[in-house]
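A short write-up of the structure that comes next.
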Amino acid sequence: IRRFRCWRVLVNYFPIKFHKLVDLEPTFKDTPDTENKRIDERIGPSYIFGYHPHGVIATGVSSGFTNNGTGWDEMFPGIKCFVTTLVNQFRVPFYRDYLMALGVTTVVKKNLKLLLNKGGSVVIVVGGARESLLAKPGLNSIVLNRRKGFVKLALESLDQNGLCLVPVYGFGENDIYNVFFTDDSEANRSDDSEDDEELEFQDSGVTFGEATKKFKKFVHQFQLFLKNNFGWTLPIVISRGIFNYDFGILPYRKSINVVFGKPIRISRLNGLTFGDPVTQDEIDYWHNEYVKGLLEVWKWGKPQFSEITDEDLKIVE
């Protein structure tokens, strides 16, 4: 199903294109056995791909990684990648089977460790639902400082075959929807944003700007409530329709360029080996190396795929 030709139509709608800084070592090699059948021989490490930013629905992942429309099999031969998502999505009849047919799996620690130990690779949208609230055209704010679980997962899943972290950035992910932006914190506010109009409502001392801020605060708190209690949230989007470009819920046809960074080969530190408890020092060290790798991806891709008006990459949480 991942190799159906129809996926190329979906990928070319934006289009979505893959780019890589270096080649990745294959995890498996096809080898004929004694009965002339093909078997997978493990020859390399497995991978954890960290994708940024989340955007509204992580289109670079949901439309790019779940099929071969972008040429995954040709760019990364011998690497079997599974897209991860929330458990709730597998509780919908028939939709669950559709997801599994595309290699989508649950982002549950026990499940991910099992896949990695069998040589599978996984892609995790590191910023999660919290980062989807930062999706805004021209904005490149990500949630990463507080996200260290994927690094701990890598250290706990490490074995003699090796495991690598690969930072991935989707340039244009935030540009395919216009979003009603509710996060007005100083960390996420654009420097060139204009002040709200100070129009006063008749017979009241409340200005238009104050009313707008209160409404945004209410919506933002509701979005955080959904995120904290159900694991997902609800960005408010306005984009194009099927036959018009002014109103609808379809994404705009804007390019998403997904750039894969250099693999960061994980190893145990301070004399520790496979199976030993993971220490916070190890997590912090490899998380810092991952951030450096992501910044390298940004530095490589920004001149080619970002608009002049786009803000620089900012880790806000």
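Is there a residue in region 146-153 that is surrounded by fewer than 18 Cβ atoms within 10 Å (Cβ to Cβ), in contact with a Pro (Cβ under 7 Å, 6 or more places away or on another chain), at pLDDT below 95 and not small (Gly, Ala, Ser)?
Pass one, region 146-153, residues surrounded by fewer than 18 Cβ atoms within 10 Å (Cβ to Cβ): 146, 148-149, 152.
Those still in the list that are in contact with a Pro (Cβ under 7 Å, 6 or more places away or on another chain) too: none.
No, every residue in region 146-153 fails to be surrounded by fewer than 18 Cβ atoms within 10 Å (Cβ to Cβ), in contact with a Pro (Cβ under 7 Å, 6 or more places away or on another chain), at pLDDT below 95 and not small (Gly, Ala, Ser).
Suppose we filter region 236-283 for residues that are outside any loop (DSSP other than H, G, I, E, B), of a type in the set (D, E, K, R) and either in contact (Cβ under 8 Å) with a residue 40 or more places away in the chain or at positive phi (or both); how many remain? Steps first, answer last, please.
At the first step, the residues of region 236-283 found to be outside any loop (DSSP other than H, G, I, E, B) are 237-238, 240, 250, 256-260, 264-265, 280-283.
Pick out the ones that are also of a type in the set (D, E, K, R) and you get 240, 265, 281-282.
Narrowing further to those that are either in contact (Cβ under 8 Å) with a residue 40 or more places away in the chain or at positive phi (or both): 265, 282.
Number of matching residues: 2.
Among the residues of region 52-60, are any part of a helix (DSSP H, G or I), within 13 Å of the chain's Cα centre (by Cα) and in contact (Cβ under 8 Å) with a residue 60 or more places away in the chain? Before you say what the answer is, go through the steps one by one.
Within region 52-60, the subset part of a helix (DSSP H, G or I) is 59-60.
Applying the additional criterion that residues be within 13 Å of the chain's Cα centre (by Cα) yields 59-60.
Checking the rest, the ones that are also in contact (Cβ under 8 Å) with a residue 60 or more places away in the chain come to 59-60.
The answer is yes; a qualifying residue exists.
Look through region 82-100, keep the residues that are part of a helix (DSSP H, G or I) and in contact with a Leu (Cβ under 8 Å, 6 or more places away or on another chain), and return whichever of them is modelled with the highest pLDDT. So that I can check it myself, show each step before the final result.
Of the residues in region 82-100, the ones part of a helix (DSSP H, G or I) are 87-91, 95-100.
Applying the additional criterion that residues be in contact with a Leu (Cβ under 8 Å, 6 or more places away or on another chain) yields 89-90.
Working: Gln89: 87, Phe90: 92.
Per the criteria, the residue is Phe90.
Kindly provide the set of residues from region 286-309 that are hydrophobic (A, V, I, L, M, F, W, C) and farther than 21 Å from Asn145 by Cα, ordered by number. Before the answer, list the steps.
Taking region 286-309 as the starting set, the residues that turn out to be hydrophobic (A, V, I, L, M, F, W, C) are 286, 291, 294-295, 297-298, 300, 305, 308.
Trp300, Phe305, Ile308, listed by residue number.
Kindly indicate whether Phe49 is among the hydrophobic types (A, V, I, L, M, F, W, C), over 21 Å from Arg253 (Cβ atoms) and open to solvent by less than 10 Å² (accessible area, probe 1.4 Å). Before the answer, list the steps.
On the way: among the hydrophobic types (A, V, I, L, M, F, W, C): yes; over 21 Å from Arg253 (Cβ atoms): yes; open to solvent by less than 10 Å² (accessible area, probe 1.4 Å): yes.
In short, yes.
Would you mind telling me which numbered condition in (1) open to solvent by less than 50 Å² (accessible area, probe 1.4 Å); (2) of a type outside the set (Gly, Ala, Ser); (3) at pLDDT 95 or above; (4) over 21 Å from Lys20 (Cβ atoms) Asp284 fails?
The number of the failed condition is (1).
Going by what's in this entry, would Ile48 be described as of a type in the set (Val, Ile, Thr) and either within 21 Å of Trp7 (Cα to Cα) or not in a strand (DSSP E or B) (or both)? Don't jump to the end; show me each part of the working.
Values: of a type in the set (Val, Ile, Thr): yes; either within 21 Å of Trp7 (Cα to Cα) or not in a strand (DSSP E or B) (or both): no.
Criteria not met by Ile48.
Could we say that Ile79 is at pLDDT 95 or above, of a type in the set (A, V, I, L, M, F, W, C), part of a loop (DSSP other than H, G, I, E, B) and surrounded by 15 or more Cβ atoms within 10 Å (Cβ to Cβ) here?
On the way: at pLDDT 95 or above: yes; of a type in the set (A, V, I, L, M, F, W, C): yes; part of a loop (DSSP other than H, G, I, E, B): yes; surrounded by 15 or more Cβ atoms within 10 Å (Cβ to Cβ): yes.
Here the answer is yes, as Ile79 does meet what is asked.
Restricting the search to region 92-126, which residues are in contact with a Ser or Thr (Cβ under 7 Å, 6 or more places away or on another chain) and open to solvent by 70 Å² or more (accessible area, probe 1.4 Å)?
Once the filter is applied, which keeps residues that are in contact with a Ser or Thr (Cβ under 7 Å, 6 or more places away or on another chain) and open to solvent by 70 Å² or more (accessible area, probe 1.4 Å), region 92-126 yields only Asn117.
May I ask you to say which residue of Glu307, Glu317 is of a type in the set (Asp, Glu), in a loop (DSSP other than H, G, I, E, B), modelled with pLDDT under 95 and open to solvent by 70 Å² or more (accessible area, probe 1.4 Å)? Before you say what the answer is, go through the steps one by one.
Working: Glu317 fails: open to solvent by 70 Å² or more (accessible area, probe 1.4 Å).
Exactly one residue qualifies, and that residue is Glu307.
Please specify each residue of region 159-169 satisfying the condition of being farther than 17 Å from Ile43 by Cβ and open to solvent by 10 Å² or more (accessible area, probe 1.4 Å). It would help to see each step written out before you state the result.
Residues of region 159-169 farther than 17 Å from Ile43 by Cβ: 165-169.
If the condition is that a residue be farther than 17 Å from Ile43 by Cβ and open to solvent by 10 Å² or more (accessible area, probe 1.4 Å), then no residue fits.
Out of region 62-86, which residues are over 16 Å from Arg3 (Cβ atoms) and touching a residue at least 60 places away in the same chain (Cβ under 8 Å)?
Across region 62-86, the qualifying residue is only Leu86.
The values are calculated or read from the model by the stated rules, or taken from the named source; none is laboratory data. From a predicted model like this one, the values you see are computed outputs, not experimental measurements. All Cβ positions, even for glycine, are placed from backbone atoms using ideal geometry, and neighbour counts span all protein chains on display. These accessible areas exclude ligands, DNA and RNA; they are computed on the full protein's heavy atoms, side chains included. Shrake-Rupley method; radii C 1.70, N 1.55, O 1.52, S 1.80 Å.
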